[in-house]
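The values are calculated or read from the model by the stated rules, or taken from the named source; none is laboratory data. Worth saying up front: this structure is predicted, and the values here are computed from it rather than measured. Cβ coordinates were reconstructed from backbone atoms using ideal geometry, including for glycine residues, and neighbour counts include every protein chain displayed.
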Amino acid sequence: MNNDLHYLTAADPQRNAIGRFQYLSWGEFTGAVDITVASGQAWEVVFYQGQIAWIVDRTQTNRIWQRLLRAEVGYEHVGLDLLFQAANHQPWPGFEQGREVCWQYQGALSLMMLAEIKTSELTNILTIAARETIFDLLQYSQGQKLQFRSQSEIFIERPPITINTEEVIAQAEIMWQEWHTQKLGNISPNKTPVIRHPVQLYRQTTPIIYQNLVQVITGKRTLREIAIEIDEDLLLLTRSLTRYIQTGIIELIDLPDLKSPLPINKFLPERQIVRTPSPPPKPVQSKLVICIDDNPRVCESMRAIVTDAGYRFIAIQDATQALPRLLENKPDLIFLDLIMPKINGYEICGQIRRISALANTPIVILTGKDGLLDRVRSKVVGASEFTCKPITEYAILSSLDKYIGTTASKN
């Protein structure tokens, strides 16, 4: 096996990432190329006679395949579990014996041969993966050293699909130029946005925009995954978040790759792929009560009363996290403390009422004050009721009975 090691940097225009790909294409190279950068990212690019057969991002392999399967095939139809079964069921015979091959690619080939995936769908997946990888290499090469190590002897016959290297290079260069022109060069689309300062975000947006952002930015999806999820252009999506990223309201983090499926149904009869069964329907849950109060004793007292009555309960002691968690959980009843650090109950109540998903949720204000002015102001900002502290079991049960009913099924 021949090994060829090269170190490339952006300062070396004659031998940059694009030039290396073109060299392999023009030389009709067949084999694998391992690419690494100092920050830890690593890829494997496999060529057949200068054309790209497949690309593996070693840091996000499962995440990328799941995203592209969802976009091109439909996640409900084919997922990682099915790929894993197919890879072990009917592997494509065209590789060197003993050669370790990306199981996601192997599974996709098997499903294509079984007509579970269309050739056009797999071609699109491989093309997008190649284009994104070249884009990422262009971005990483802006200051980092790229290491290329090539090795031949991998195929014993032509793979069913190959991607035109020159075409995906041209597409990736256009994407990178557009990205760079919009001053997004330091933002990787593989990063995951996380809302760090929800109150500031709310104050700088409209209630509708805030609600949409909180629902989309969950801290569990990369920018590329979000773009697929909401059917939005990646460039436009990222540009719309730039101001919040620059001010620290939204932070970009790295997510680990998804776990690979467990080796179930490894030995399957010929041409029988077992689809993962649909999960059983979820049992009907009891109604949810959320208490927003910075006092842990109040929260624990409330928890005991509410759960004994058969309801689910969540306590939120950090008022700045109230809106995101309310949108995430969508409670049936909210108990809200009036006096808290950083942000008071009046302001939170007003913000809740401007969010359509929570506009009609009952809100019971909790406070040690019992003045007429406080009651009037609570009504003005949209509170449903006013309950004095210290809380009593009778008062809380009365609110539960009034707004969501006293009968609750315990799960």
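Before moving on, here are some points about what is shown:
- If you filter the stretch 296-318 down to residues that are in a helix (DSSP H, G or I) and touching a residue at least 60 places away in the same chain (Cβ under 8 Å), you find that the one that is surrounded by the most Cβ atoms within 10 Å (Cβ to Cβ) is Val306.
- Matching residues, the stretch 395-411, being modelled with pLDDT under 85 and either closer than 14 Å to Val364 by Cα or under 36 Å from the mean Cα position of the chain (by Cα) (or both): Ala408, Ser409, Lys410, Asn411
- If the condition is being farther than 16 Å from Cys388 by Cβ and assigned to a loop (DSSP other than H, G, I, E, B), then the stretch 322-345 contributes Lys330, Pro331, Asp332, Met340, Pro341, Lys342, Ile343, Asn344.
- Complete set of residues in the stretch 236-260 that are surrounded by fewer than 19 Cβ atoms within 10 Å (Cβ to Cβ), part of a helix (DSSP H, G or I) and touching a helix residue (DSSP H, G or I) at 6+ places or on another chain (Cβ under 6 Å): Leu237
- Candidate set from the stretch 109-138 (those that are within 15 Å of Gln66 (Cβ to Cβ) and modelled with pLDDT under 90); member that is surrounded by the fewest Cβ atoms within 10 Å (Cβ to Cβ): Ile117
- Residue count, the stretch 139-188 (criterion: in contact with a Phe, Trp or Tyr (Cβ under 7 Å, 6 or more places away or on another chain), among the aromatic types (Phe, Trp, Tyr) and either at pLDDT 90 or above or within 30 Å of Gln246 (Cα to Cα) (or both)): 1
- Among the candidates Gln97, Gln85, residue that is at pLDDT below 90, polar (S, T, N, Q) and surrounded by fewer than 20 Cβ atoms within 10 Å (Cβ to Cβ): Gln97
- Residues satisfying the criterion are present in the stretch 357-367 (criterion: assigned to a strand (DSSP E or B), over 19 Å from Leu288 (Cβ atoms) and at pLDDT below 85).
- Subset of the stretch 195-214 [under 17 Å from the mean Cα position of the chain (by Cα), at pLDDT 85 or above and within 15 Å of Leu327 (Cα to Cα)]: Ile195, Leu213, Val214
- Restricting attention to the stretch 119-173, the residues being within 20 Å of Asn190 (Cα to Cα), assigned to a loop (DSSP other than H, G, I, E, B) and charged (D, E, K, R) number 1.
- The residue pairs whose first member lies in the stretch 118-145 and is free of Cβ contacts under 8 Å to residues at least 12 places away in the same chain, whose second member is part of a loop (DSSP other than H, G, I, E, B), and whose beta carbons are closer than 6 Å, counting only pairs six or more residues apart or on different chains, do not exist in this structure.
- Glu225 falls short on exactly one of the conditions (1) touching a strand residue (DSSP E or B) at 6+ places or on another chain (Cβ under 9 Å); (2) among the charged types (D, E, K, R); (3) part of a loop (DSSP other than H, G, I, E, B), and that condition is (3).
- Filter result for the condition that a residue is touching a helix residue (DSSP H, G or I) at 6+ places or on another chain (Cβ under 8 Å) and either without any contact (Cβ under 8 Å) to a residue 60 or more places away in the chain or crowded, with 18+ Cβ neighbours inside 10 Å (or both), over Tyr346, Tyr394: Tyr346
- Counted residues, the stretch 172-197 - those being surrounded by fewer than 17 Cβ atoms within 10 Å (Cβ to Cβ) and either touching a Lys or Arg at 6+ places or on another chain (Cβ under 6 Å) or among the hydroxyl-bearing types (Ser, Thr, Tyr) (or both): 2
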